[in-house]
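Asks: If you scroll down you'll find the structure; I have some questions about it.
What follows draws every value from the coordinates through simple rules; no lab data is involved. Everything quoted here is computed from the prediction, not taken from an experiment. Backbone-built Cβ (ideal geometry, glycine too); neighbour counts: all protein chains shown.
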């Protein structure tokens, strides 16, 4: 088997079509992870130890076991569980599986952001007689979330690179198209190289952007501590 | 309850491959990370430039894509036969995580205050002595917590090897599921439980290392 430039250029438009699906799936999974991340934060703040403990370990369990197995569980096993079982299409299963997996990461990011808000801010909010809702919406979250934006951006890039896992349950995105092409013409290396190039072309500039953001937020943070 | 025992027995036969890939990948990715991390802080722009290129390529593309790419390109394009697909998997995982982990090495080395380097130059240490006795002992404790996190990532990544045909935990799980469809939930919950049991000591060790890394260090 030798490298063929003809095949290489022929598969570019084919795989480009899959790029949109990969991107769409990335955004859908990430939106799920962003929203569901707050669920873990909320659960870990319930002032009752057993519930607290249960959800902390549940998140730890989801975080430290392979997302691929979780995808298989949701796609193959969940439908056969009585009562709560639902058969999902590959796309929905991927959003649920990868979204849930990454929500355990975003929740850690949120938590670190919330913990970085100074104690005085909580005390001041209480002293000003703000309601819980006001305290969170107007005092804590506006300070907790912006410094975590670079970290959240990093997870977006990581998620983009995990999305091809969905091809194992039949989501027809870049990797799936490449493997199908390979199986049909017995040319695997060229389409896979194209897939790799598309990943690189998108994730490398995004990573540079995140690094720039990181510097910006660090500088702002430095300035703030310097004036204290 | 009989089926749980049956499934566990089936899964047990795949545990060996999972553990072999895990241990070899940890060893090789650690070596690659150390070499690449040190190369990136090298004064030789050719060495640091080339390493930077390697790191960005492997971090910028997806591990699952790399795994497929290696399993087809090595024998097909380069005519390299590693003897077993275990080595293809170890190569892909190690190169990928070696690239990620080299960034921890680099970050930790660069975060050792410049005064330490200056002091060791003033004391007439050679470049090697400076690294070995001054910089690395301080840098390594900073690397440990993140290193632990990456080991857990590697453990998770070993589940991908079934996709290139290795007979690991997930492979046997999938085989069992295909013949016992109604037992799919038990199969996958058991697989997840095995991975979690493997991850648990790593999680606890990482937490311990986080404490060690903070101990006795004055921040600011």
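Asks: Can you tell me the FRET efficiency between residue B:45 and residue A:48 if r is taken as the Cβ-Cβ distance and R0 is 45 Å, rounded to the nearest 0.05?
Replies: Once rounded, the FRET efficiency stands at 0.20.
Asks: As a footprinting exposure proxy, order A:111, A:45 by other Cβ within 10 Å, with the fewest listed first.
Replies: Going from sparsest to densest Cβ surroundings: A:45, A:111.
Asks: Quick one: Debye curve from the C-alpha atoms of the protein assembly as shown, no solvent, what's log10 I(q)/I(0) at q = 0.11 Å⁻¹?
Replies: Debye output, listed in q order: -0.99.
Asks: Regarding region A:1-108, what is the average projected area of its C-alpha convex hull, in nm²?
Replies: 9.8 nm²
Asks: Additional query: Taking 7 Å along the Cα-to-C-beta vector as the label spot, tell me the residue A:132-residue B:140 distance in nanometres, rounded to one decimal.
Replies: Modelled inter-label distance: 4.8 nm.
Asks: As a footprinting exposure proxy, order A:6, B:168, A:180 by other Cβ within 10 Å, with the fewest listed first.
Replies: A:6, A:180, B:168
Asks: For A:214, B:118, what's the fewest-to-most ordering of other Cβ within 10 Å of each Cβ?
Replies: Listed from fewest to most nearby Cβ atoms, that is B:118, A:214.
Asks: Moving on to the next point. With no solvent and one equal point scatterer placed on each C-alpha of chain B, evaluate the Debye formula and give log10 I(q)/I(0) for q = 0.12 Å⁻¹, two decimals.
Replies: Rounded to two decimals, the profile gives -0.76.
Asks: Report, to one decimal in Å, the Kirkwood hydrodynamic radius for region B:149-220 based on all distinct Cα pairs.
Replies: Radius from the Kirkwood sum: 14.4 Å.
Asks: In degrees from 0 to 90, rounded to the nearest 10, what is the angle of the helix B:136-157 Cα long axis to the longest principal axis of chain B?
Replies: Helix B:136-157 sits at roughly 20 degrees to that axis.
Asks: Using the basic label-point model (7 angstrom from Cα toward the beta carbon), what is the residue B:197 to residue A:185 distance in nanometres?
Replies: Each label point is offset 7 Å from its Cα along the Cβ direction, giving 4.7 nm.
Asks: Just to confirm my numbers, what's the Cα centroid distance between region A:59-115 and region B:80-109 in Å?
Replies: With region A:59-115 and region B:80-109 each reduced to a Cα centre, they are spaced 27 Å.
Asks: A follow-up question, please. Quote the relative contact order of chain A in percent (integer), defining contacts as alpha-carbon pairs under 8 Å separated by 6+ residues.
Replies: So the answer I get is 29 percent.
Asks: Would you mind computing, in nm to one decimal, how far apart the modelled labels at residue B:10 and residue A:197 are, each placed 7 Å from Cα along Cα→Cβ?
Replies: In this crude label model, residue B:10 to residue A:197 measures out at 4.3 nm.
Asks: Count, for each residue of A:185-195, the Cβ atoms from other chains sitting within 10 Å of its Cβ, then give me the mean as a whole number.
Replies: 4
Asks: Taking Rh as the Kirkwood radius computed over C-alpha pairs, what is the Stokes-Einstein D of region B:82-183 at 25 °C in a medium of viscosity 0.890 mPa s, expressed in µm² per second?
Replies: Estimated diffusion coefficient is 146 µm²/s.
Asks: Between region B:1-76 and region B:158-220, how far is it from one alpha carbon centroid to the other, in angstrom?
Replies: Going from one Cα centre to the other spans 15 Å.
Asks: What does the highest-first list of A:167-179, B:171-183 look like by mean Cβ count within 10 Å?
Replies: A:167-179, B:171-183
Asks: Calculate, in whole percent, how much of the Cα-Cα pair population of region A:62-118 lies beyond 19 Å.
Replies: Cα-Cα pairs in region A:62-118 separated by more than 19 Å: 41 percent.
Asks: From other protein chains only, count the Cβ atoms within 10 Å of every residue's Cβ in B:159-170, then give the mean.
Replies: So the per-residue partner count for this stretch is 2.
Asks: Determine which residues of region A:174-199 fall in the zone a paramagnetic label at residue A:12 would reach in this model, i.e. backbone nitrogen under 13 Å from the point 7 Å along Cα→Cβ.
Replies: A:194-195, A:197-198, by backbone N distance to the label point.
Asks: So, R0 is 56 Å and r is the distance between the beta-carbons of residue B:189 and residue B:122; what FRET efficiency does that work out to, to 0.05?
Replies: Efficiency at R0 = 56 Å is approximately 0.40.
Asks: What does the convex hull of the Cα atoms of chain A come to per residue, in Å³, rounded to a whole number?
Replies: Convex hull of Cα atoms, per residue: 156 Å³.
Asks: Post the alpha-carbon centroid distance, region A:158-196 to region A:129-154, in whole angstrom.
Replies: Rounded to whole Å, the Cα centres lie 39 Å apart.
Asks: So if I take the alpha carbon set of region B:38-126, get Rg, then get Rh from the Kirkwood formula, what is the Rg over Rh ratio?
Replies: Using only Cα positions, Rg/Rh for region B:38-126 is 1.15.
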